[in-house]
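S.K.: Here it is: the structure, laid out below.
The values are calculated or read from the model by the stated rules, or taken from the named source; none is laboratory data. Source: prediction; values computed, not measured. FYI the Cβ positions are ideal-geometry reconstructions off the backbone, even for glycines, and counts take in every protein chain you see.
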Protein chains: 2
Amino acid sequence: MFETLHQDPHSLARTGRLVTAHGAVETPAFVAVATRGTVKGVEPQALEELGVEIVISNSYHLHLRPGEETVAHLGGLHRFSGWNGPMMTDSGGFQVFSLGAGKEHGVGKVASIFPDDEPPRAPSARRTARPLVRLTEDGVWFRSTVDGSVHFFSPEGVIDLERKLGADIAFVLDECTSPLHNRAYTEAAMERTHRWAERALRAFSRPPEEPPSNPAQVLYGIVQGGAYPDLRRASARLIGGMGFFGLAIGGSLGRSRDEMQQVLEWTVPLLPEDRPRHLLGIGQIQDLFAVVRRGIDTFDCAAPTRMARNGTLFVREARAHRINLRNASFREDPRPIDPACDCFTCQRHSRAYLRHLCLTGELSFYRLATLHNLRFLVRLVEEIRGAIVVGTLDELESDWLADGG
Amino acid sequence: MFETLHQDPHSLARTGRLVTAHGAVETPAFVAVATRGTVKGVEPQALEELGVEIVISNSYHLHLRPGEETVAHLGGLHRFSGWNGPMMTDSGGFQVFSLGAGKEHGVGKVASIFPDDEPPRAPSARRTARPLVRLTEDGVWFRSTVDGSVHFFSPEGVIDLERKLGADIAFVLDECTSPLHNRAYTEAAMERTHRWAERALRAFSRPPEEPPSNPAQVLYGIVQGGAYPDLRRASARLIGGMGFFGLAIGGSLGRSRDEMQQVLEWTVPLLPEDRPRHLLGIGQIQDLFAVVRRGIDTFDCAAPTRMARNGTLFVREARAHRINLRNASFREDPRPIDPACDCFTCQRHSRAYLRHLCLTGELSFYRLATLHNLRFLVRLVEEIRGAIVVGTLDELESDWLADGG
């Protein structure tokens with residue numbers, strides 16, 4: 001169940017409540033990334049203490065290891081992972097198309113995707129890896145980056161996979177195009193994604209062969225269309241009208257922050273108002289206000305966890321709201337990361353100590369840094385919700401910009 | 001202050017209380033290894049919750065990074081690390097002599113030590129690293145394995161270093177010989193270690209130039225002598241008679257568990273009964289009963305943390321009291337690691353989930369596994385203390401052996 005509560009008078013920003021079988025999520029909400037069934041370095045109890053409301057795991061990664069059968073056998077991803085709160089699973093479309101070949105072989109998003117009629121590349125002298133992804137109307141073949149085994153994802157198969165995982169919110173399989181794809185390819189891919197969405201919805205409406213891990217699971221459609229306004233609008237109308245519980249904006253979000261905001265401006269106003277809207281994967285904390293203003297209810301963001309592991313920590317009163325602990329200026333700095341922060345790490349540890357742990361690569365660092373960044377983002381989103389309720393979102397953003405935007 | 005409380009009638013095992021400025025330690029006690037000022041992956045608050053009583057950090061590692069001046073500037077190692085309980089610092093002798101060259105260059109303990117009169121090795125064609133360690137009567141020169149810079153440790157300098165770190169218990173600089181050293185070298189090294197012990201004690205008795213981080217710090221001497229009974233006995237008598245607050249058994253503990261037990265049998269009975277006795281670095285949980293029986297009050301042991309990171313977890317009712325989670329038999333095992341364990345990890349997570357985290361190299365694994373192994377060892381040592389008090393140490397050991405020794 002999803003209900004909207006307060007509407008910002010100056011923008012599409014709104015507060016709401018997304019109710020799942022594992023608890024309610026106050027929106028706008030930050031969704032913590034737990035790719036393989038764990039937020040890196042942070043166990044479920046600590047997430048609860050941080051105020052994290054909801055996590056998103058990845059079907060592609062969990063399919064490869066440990067496999068959805070194993071997860072189902074152990075009672076579904078909630079029981080398996082020990083996280084008892086609301087949970088999403090991404091369909092893995094992004095990973096199959098981009099992360100697989102792209103990340104493993106050092107090629108960009110474009111090179112990792114080759115259309116139907118293109119023959120498999122011959123192994124080059126310098127790069128002997130076989131193609132990792134082959135796309136057909138039926139679905140997508142790909143090679144595991146773990147052991148080279150061949151796997152097939154279809155819209156129906158991914159519904160089956162996600163039912164076995166049993167998250168509260170599942171996403172349909174889509175094709176994630178690259179900002180460098182041309183219009184013709186982007187349009188063809190979008191139309192296939194639309195056909196896949198219909199197939200996924202049909203599969204989701206059929207009773208499963210085995211009892212699902214989570215009978216209360218709901219399904220989100222994904223809007224595609226790259227950076228082409230007419231395609232985005234067409235996709236928003238079509239996916240928005242298909243009867244999904246919720247709607248996600250996926251795929252290429254343009255080449256800049258401005259283009260991402262444009263994509264949201266083209267699509268969100270065309271989506272049904274009564275459905276929750278998810279933005280798949282925003283990169284930067286600076287995007288947060290812009291995204292909320294454009295009507296996004298939930299967004300997943302790997303930045304706080306990924307940046308923490310790299311030594312970059314959020315500080316309200318710092319340039320771009322962040323510091324990098326590797327900087328020598330923190331060598332003897334006895335202050336907590338952010339004096340205004342109430343997180344576990346800031347209560348007990350100095351910048352100097354955390355810098356020492358960071359530079360020596362201590363495991364403790366990754367955890368302590370991640371705890372801080374997660375708590376920082378959770379509190380910022382809480383502030384944003386409060387500001388929408390009382391109508392002071394503009395003032396809150398101005399304050400943040402003044403402090404270090 | 002140290003007091004003995006109960007004496008086992010059948011062995012040298014005893015219980016006691018070691019009081020420091022940061023709290024009391026009930027002995028026998030396990031000392032958790034926090035080499036660089038953190039137990040790998042486990043923050044101080046979690047250590048307290050696990051019942052860890054005391055930690056040992058390493059002067060060599062902290063001297064290289066972040067440097068004792070930085071630690072002192074930030075109020076000493078307790079404040080720097082956030083651990084407010086009892087704390088030891090090892091002198092770094094073992095690291096300078098063995099870990100430096102040995103670990104970094106893949107040579108054993110012997111090759112990393114070369115006596116005074118041996119010329120520096122010429123760089124070989126295959127291994128261009130310069131010698132890492134040069135020993136003189138005055139002290140030891142060594143190269144940092146971090147940045148190649150040259151450092152010098154003398155008995156007096158290490159006292160100064162440890163005063164800056166400010167642990168409750170400091171150890172003197174010693175030379176740690178190898179089991180492969182011959183008698184002549186072992187004897188000469190032991191005699192130099194004795195001279196160093198006198199110099200360290202003298203330096204420790206002088207008022208420091210700057211206020212120390214911990215005015216209540218006490219100093220332990222270290223007994224050497226390799227696997228030679230007459231040398232060990234001579235060292236125990238001499239070091240034991242020098243007026244140190246406590247005494248440690250260091251250096252080569254022989255080539256087998258039996259030899260280690262012999263070393264303790266030669267030395268411990270000659271040490272003054274009213275002083276606490278520390279065993280530096282035992283490797284295996286199986287050694288625990290043997291060590292306690294031979295009169296050891298405290299021992300540091302990297303096994304629980306190191307083994308955890310490798311996927312080896314302690315289980316009372318398993319062969320050698322351990323399982324390796326990588327084993328395929330745990331793939332769908334819904335049980336906690338050890339059904340009898342009360343640790344955080346066992347309360348919330350299955351073997352199957354932890355195996356998944358282990359195989360995918362998730363940061364969360366190292367923490368969850370380490371929490372379990374530490375708690376397991378803490379509880380076992382608690383059981384041992386209780387058994388000494390009521391006179392049932394034999395029965396407890398038999399029970400453990402029956403369960404999986």
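S.K.: Can you name every one of the helices (runs of 4 or more DSSP H) wholly within the stretch B:232-332 that holds 3 or more residues which are farther than 29 Å from A:Ser81 by Cβ?
M.R.: The helices (runs of 4 or more DSSP H) meeting that bar are B:257-267, B:287-293.
S.K.: Working only within the stretch B:56-65, note down all residues that are crowded, with 24+ Cβ neighbours inside 10 Å and within 11 Å of chain A (Cβ to nearest Cβ).
M.R.: Residue satisfying the conditions is B:Leu62 alone.
S.K.: I've got another one for you. For A:Gly221, are the conditions met, namely being buried (at least 19 other Cβ atoms within 10 Å of the Cβ), in contact with a Leu (Cβ under 6 Å, 6 or more places away or on another chain), small (Gly, Ala, Ser) and closer than 29 Å to B:Thr360 by Cβ?
M.R.: Here the answer is no, as A:Gly221 does not meet what is asked.
Yes/no per residue for (1) buried (at least 18 other Cβ atoms within 10 Å of the Cβ); (2) of a type in the set (Val, Ile, Thr):
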position	(1), (2)
B:Val315	yes, yes
B:Thr345	yes, yes
B:Tyr353	yes, no
B:Arg375	yes, no
B:Glu383	no, no
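S.K.: Next up: Within the stretch A:316-344, work out how many residues are of a type in the set (Lys, Arg) and either within 14 Å of another protein chain (Cβ to nearest Cβ) or closer than 23 Å to B:Gln45 by Cβ (or both).
M.R.: Residues flagged as of a type in the set (Lys, Arg) and either within 14 Å of another protein chain (Cβ to nearest Cβ) or closer than 23 Å to B:Gln45 by Cβ (or both) within the stretch A:316-344 amount to 3.
S.K.: Look at A:Leu288 and say whether it is more than 14 Å from chain B (Cβ to nearest Cβ) and crowded, with 20+ Cβ neighbours inside 10 Å.
M.R.: yes
S.K.: I'd like to know if the stretch B:74-82 contains one or more residues that are aromatic (Phe, Trp, Tyr) and under 20 Å from B:Cys301 (Cβ atoms).
M.R.: No: zero hits.
S.K.: Yes or no: B:Arg130 at pLDDT 50 or above, out of contact with any Ser or Thr (no Cβ under 8 Å at 6 or more places or on another chain) and farther than 21 Å from B:Gly37 by Cα?
M.R.: The answer is yes for B:Arg130.
Quick grid of which residues meet (1) among the aliphatic types (A, V, I, L, M); (2) on the phi > 0 side of the Ramachandran plot:
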| site | (1), (2) |
| --- | --- |
| A:Thr145 | no, no |
| A:Gly148 | no, yes |
| A:Gly166 | no, yes |
| A:Glu175 | no, no |
| A:Leu180 | yes, no |
| A:Tyr185 | no, no |
| A:Met190 | yes, no |
| A:Thr193 | no, no |
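S.K.: Shifting gears a bit: List the helices (runs of 4 or more DSSP H) inside the stretch A:345-405, counting only whole elements, that have at least 1 residues being at pLDDT 95 or above, over 23 Å from the mean Cα position of the chain (by Cα) and within 11 Å of chain B (Cβ to nearest Cβ).
M.R.: The qualifying helices (runs of 4 or more DSSP H) are A:351-359, A:363-390.
S.K.: Starting from the stretch A:155-180, take each residue that is more than 17 Å from A:Asn214 (Cα to Cα) and list its partners that are among the basic types (Lys, Arg) and modelled with pLDDT under 95, counting only C-beta distances under 6 angstrom and pairs at least six apart or across chains.
M.R.: A:Ser178/A:Lys109; A:Pro179/A:Arg255
Table: residues versus (1) under 20 Å from B:Gly75 (Cβ atoms); (2) in contact (Cβ under 8 Å) with a residue 40 or more places away in the chain; (3) not assigned by TED's automatic domain parsing to the domain that holds A:Ala32.
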{"position": "A:Arg306", "(1), (2), (3)": "no, no, yes"}
{"position": "A:Arg316", "(1), (2), (3)": "no, yes, yes"}
{"position": "A:Pro334", "(1), (2), (3)": "yes, no, yes"}
{"position": "A:Ile337", "(1), (2), (3)": "yes, no, yes"}
{"position": "A:Arg348", "(1), (2), (3)": "yes, no, yes"}
{"position": "A:Arg367", "(1), (2), (3)": "no, yes, yes"}
{"position": "A:Thr370", "(1), (2), (3)": "no, yes, yes"}
{"position": "A:Leu377", "(1), (2), (3)": "no, yes, yes"}
{"position": "A:Gly391", "(1), (2), (3)": "no, yes, yes"}
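S.K.: From the list B:Glu48, B:Glu53, B:Glu43, which residue is away from every other protein chain (no Cβ under 13 Å) and of a type in the set (Asp, Glu)?
M.R.: It is B:Glu53.
S.K.: Hey, another quick one. Does B:Gln7 fit the bill of being within 14 Å of another protein chain (Cβ to nearest Cβ) and surrounded by fewer than 22 Cβ atoms within 10 Å (Cβ to Cβ)?
M.R.: Spelling it out, it is not the case that B:Gln7 is within 14 Å of another protein chain (Cβ to nearest Cβ) and surrounded by fewer than 22 Cβ atoms within 10 Å (Cβ to Cβ).
S.K.: Which condition does B:Gly106 not pass, out of (1) closer than 22 Å to B:Glu156 by Cα; (2) modelled with pLDDT under 60, if it passes all the others?
M.R.: The single condition B:Gly106 does not satisfy is (1).
S.K.: Just checking: which of the strands (runs of 3 or more DSSP E) contained wholly in the stretch A:1-81 hold 1 or more residues that are out of contact with any Pro (no Cβ under 8 Å at 6 or more places or on another chain) and not hydrophobic (A, V, I, L, M, F, W, C)?
M.R.: By residue number, A:2-7, A:14-20, A:23-27, A:54-58.
S.K.: All but one of (1) modelled with pLDDT under 90; (2) surrounded by 21 or more Cβ atoms within 10 Å (Cβ to Cβ); (3) in contact with a helix residue (DSSP H, G or I) (Cβ under 7 Å, 6 or more places away or on another chain) hold for A:Ser144; which doesn't?
M.R.: (2)
S.K.: If B:Phe114 satisfies every condition in (1) among the aromatic types (Phe, Trp, Tyr); (2) farther than 20 Å from B:Glu198 by Cα; (3) at pLDDT 50 or above; (4) surrounded by fewer than 18 Cβ atoms within 10 Å (Cβ to Cβ) but one, which is the exception?
M.R.: For B:Phe114, the failing item is (3).
S.K.: Could you list, in sequence order, all residues of the stretch B:211-242 that are charged (D, E, K, R) and in contact with a helix residue (DSSP H, G or I) (Cβ under 8 Å, 6 or more places away or on another chain)?
M.R.: Across the stretch B:211-242, the qualifying residues are B:Arg232, B:Arg233, B:Arg237.
S.K.: Only one of A:Leu279, A:Leu253 is of a type in the set (A, V, I, L, M), buried (at least 22 other Cβ atoms within 10 Å of the Cβ) and in contact with a strand residue (DSSP E or B) (Cβ under 7 Å, 6 or more places away or on another chain). Can you tell me which?
M.R.: One residue alone meets the criteria, A:Leu279.
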